[in-house]
1. Could you grab me the full set of residues in the range 228-271 that are among the aliphatic types (A, V, I, L, M) and without any contact (Cβ under 8 Å) to a residue 40 or more places away in the chain?
2. Out of the range 198-257, which residues are open to solvent by 40 Å² or more (accessible area, probe 1.4 Å), assigned to a loop (DSSP other than H, G, I, E, B) and not hydroxyl-bearing (Ser, Thr, Tyr)?
3. Among the residues of the range 82-92, which ones are among the polar types (S, T, N, Q) and part of a loop (DSSP other than H, G, I, E, B)?
4. What's the total number of residues in the range 272-289 that are touching a residue at least 12 places away in the same chain (Cβ under 8 Å) and either part of a helix (DSSP H, G or I) or in contact with a strand residue (DSSP E or B) (Cβ under 8 Å, 6 or more places away or on another chain) (or both)?
5. Can you name the number of the only condition in (1) surrounded by 14 or more Cβ atoms within 10 Å (Cβ to Cβ); (2) touching a strand residue (DSSP E or B) at 6+ places or on another chain (Cβ under 7 Å); (3) in a loop (DSSP other than H, G, I, E, B) that PRO77 fails?
6. Filter the range 105-145 down to the residues that are open to solvent by 40 Å² or more (accessible area, probe 1.4 Å), under 20 Å from the mean Cα position of the chain (by Cα) and among the small types (Gly, Ala, Ser) and list them by number.
7. Those residues that are outside any loop (DSSP other than H, G, I, E, B) and either loosely packed, with under 14 Cβ neighbours inside 10 Å or at pLDDT 95 or above (or both), I need them from the range 26-43; list them, please.
8. Find all pairs meeting these conditions: Cβ atoms under 7 angstrom apart; at least six residues apart or on different chains; first residue within the range 93-108 and part of a helix (DSSP H, G or I) and hydrophobic (A, V, I, L, M, F, W, C); second residue modelled with pLDDT under 85 and open to solvent by less than 40 Å² (accessible area, probe 1.4 Å).
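The values are calculated or read from the model by the stated rules, or taken from the named source; none is laboratory data. This one's a predicted model, so the numbers in the text were calculated from it and none came from an experiment. No Cβ is skipped: glycine too gets one built from the backbone with ideal geometry, and neighbour counts run over all protein chains shown. Note: accessible area is taken over every heavy atom of the protein model, side chains too, but ligands, DNA and RNA are not part of it. Shrake-Rupley method; radii C 1.70, N 1.55, O 1.52, S 1.80 Å.
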Amino acid sequence: MKTSRFLPTGTAIIAVLAFFPPRAQTRAQENSPSAHSPGSPPRYINVVHERLKPGRDAAYDGMLSNIRDDYERFNIPAYWIEMKSITGPNEGFAFNLGESFGDLEKMGAGMAAAVAAHPELAGLQDRLLAENTSSVTNFIAERVDALGSRAATINFAKMRMLQVTVFHIRPGHEAEFAEAAKTIASAYEKVAGSPAWVIYAVHSGAPVPCYLMLTTLSSLKDEDDAAARRAPAMEAAGAAGEQRLQEIARSAYDSIETNIYVVNPLLSHMPRHFTAEDPAYWMPKTAPVAAAKDKQ
């Protein structure tokens with residue numbers, strides 16, 4: 001599959017859970033989302049990361065809005081959640097949901113057929129990238145159930161923002177990263193009200209080893225709540241655990257970067273079973289009509 005702004009798939013994560021599971025489970029079981037929930041973190045995500053040229057935000061949004069409307073009108077079965085950075089460089093971040101490479105291939109085939117039938121759409125997609133972006137990165141990552149924290153509680157259809165932490169790991173130190181991730185998850189799970197998260201390992205399209213930790217937010221206030229739980233979580237890890245985490249950070253990590261992205265439902269294109277989880281948010285253009293009918 002070639003790099004394209006509209007290549008299939010993606011996903012990511014997280015709702016805050018204020019209680020613990022009622023029965024003992026392995027971490028893999030707790031972090032293995034149900035395939036029956038439309039907003040659950042899928043096995044694979046296809047992330048499209050676009051760096052925007054200065055001063056091109058409005059033009060980019062306008063073109064993507066037109067593209068999104070065409071995908072809706074022509075019922076093109078290729079989907080994405082569109083986000084914009086509020087920290088770090090000015091960039092777009094899009095992903096979708098896929099349980100297999102076959103899902104991604106099927107979505108790509110459907111998109112290619114539909115775009116071939118509407119060459120003006122293909123031209124607009126090319127212009128979107130050529131005129132508004134300075135670089136585009138497209139990669140696929142696979143969910144690692146053993147390393148997340150209560151990922152089964154995540155519903156992407158309910159998120160408003162996404163916190164993305166990218167870990168670039170030195171080759172050969174993957175086991176140390178896994179040890180650190182499990183230690184941190186175990187510590188936070190002992191503190192009521194801690195956030196949930198899902199971790200993906202880059203499969204292809206970007207340098208490896210690289211991991212993404214995805215945490216969904218309802219608002220920036222969720223960051224205040226998470227910060228309040230850091231000290232109790234480190235206390236739960238214990239002095240020896242915290243020291244080991246510091247050792248791993250020095251030996252295993254090349255870099256860590258965290259940024260926050262805000263979801264734009266008007267520029268996203270998702271299937272009906274997904275948007276039905278929160279239709280007032282994902283389909284706001286229809287909300288006033290529905291409200292007017294309710295008053296009649």
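1. Within the range 228-271, ALA228, ALA231, ALA239, ALA240 qualify.
2. Of everything in the range 198-257, those that are open to solvent by 40 Å² or more (accessible area, probe 1.4 Å), assigned to a loop (DSSP other than H, G, I, E, B) and not hydroxyl-bearing (Ser, Thr, Tyr) turn out to be GLY205, PRO207, VAL208, LEU220.
3. Residues of the range 82-92 that are among the polar types (S, T, N, Q), as a first pass: 85, 87, 90.
Hits for the range 82-92 are THR87, ASN90.
4. Matching residues across the range 272-289 total 5.
5. All conditions are met except number (2).
6. SER135
7. Keep residues of the range 26-43 that are outside any loop (DSSP other than H, G, I, E, B), which gives 27-30.
Once the filter is applied, which keeps residues that are outside any loop (DSSP other than H, G, I, E, B) and either loosely packed, with under 14 Cβ neighbours inside 10 Å or at pLDDT 95 or above (or both), the range 26-43 yields ALA28, GLN29.
8. LEU104/PRO8; LEU104/THR9; MET107/PRO8; MET107/THR9
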